[in-house]
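The block underneath contains the structure these notes are about, expressed in structure tokens.
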Amino acid sequence: MEICFATHNENKIREVRSLLHPIKIVGLTELGQHEEIPETGQNLDENSLLKAQFLFSKFKVNCFADDTGLEVESLNGAPGVYSARYAGDKKDNQANIDLLLQNLEGIEDRNARFRTVISLILNGETFTFEGIVNGRITENISGSEGFGYDPIFIPDGYDITFAEMSLEEKNSISHRGKAIKKLVDYLRSTD
């Protein structure tokens, strides 16, 4: 079986390939889709589905897409679907972190969660998988691993940020790891 992962991110592709072996995973570049797929949905579920539907309608291939967001309770779920563009269209991680910390200044409730939604289209049928990790936003940046909001997010049950964890440790508890595990379990059950 061959399946397309709707991403240009080689690190994501490598991670999923190792989990789904012997299923062949191809990325957008290998498929010939060089432009980014528009993300015009109002939430993570819609964006994930839109990307998968775009690929399926254009290339008629089995495919899956993901979308991830950080949802902060005291900010009514923001930045949510706009996590990557929170501080503007440049998708600047540091600017996003700075704006989030500024918006949380003086706020005691710093509870948050990372949420990943994966939409799979397999033989024309659509399936959805979700992964969530709860935690809290720190007041200061800590750690140099990972990306995005990792330096300011401490998952429940830990006293270090995602950015202070090894990749293996983070992946074992992360939102994306949980969603991918559900996808892997489903695909293996269809073999």
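Computed from the coordinates by the stated procedures, all read-outs in this text should not be read as laboratory data. Small disclaimer: the values here were computed from a predicted structure and weren't measured. Glycine also receives a Cβ, built like all others from the backbone with ideal geometry; neighbour counts cover every protein chain displayed.
In angstrom, the C-alpha Rg and Dmax of the stretch 1-116 are 16.4, 52. Of all the options Gly124, Gly41, Gly106, the one that moves most in a Gaussian network model of the chain with Cα springs shorter than 10 angstrom is Gly106.
Panel note: the C-alpha atoms of the stretch 95-182, placed on their principal axes, show extents of 49, 26, 24 Å (largest first).
Give me the net charge for the shell around Ile37: Cβ to Cβ below 12 angstrom, other residues only, Lys and Arg +1, Asp and Glu -1.
On the way: positive: Lys51, Lys58; negative: Glu35, Glu36, Glu39, Asp66, Asp67.
After counting each charged neighbour, the total is -3.
Remark: the stretch 179-189, residue by residue, has Karplus-estimated 3J(HN,Hα) of 5, 5, 4, 5, 4, 4, 4, 5, 4, 5, 6 Hz, where x stands for each Gly or Pro and the curve is 6.51 cos²θ - 1.76 cosθ + 1.60 at θ = phi - 60°.
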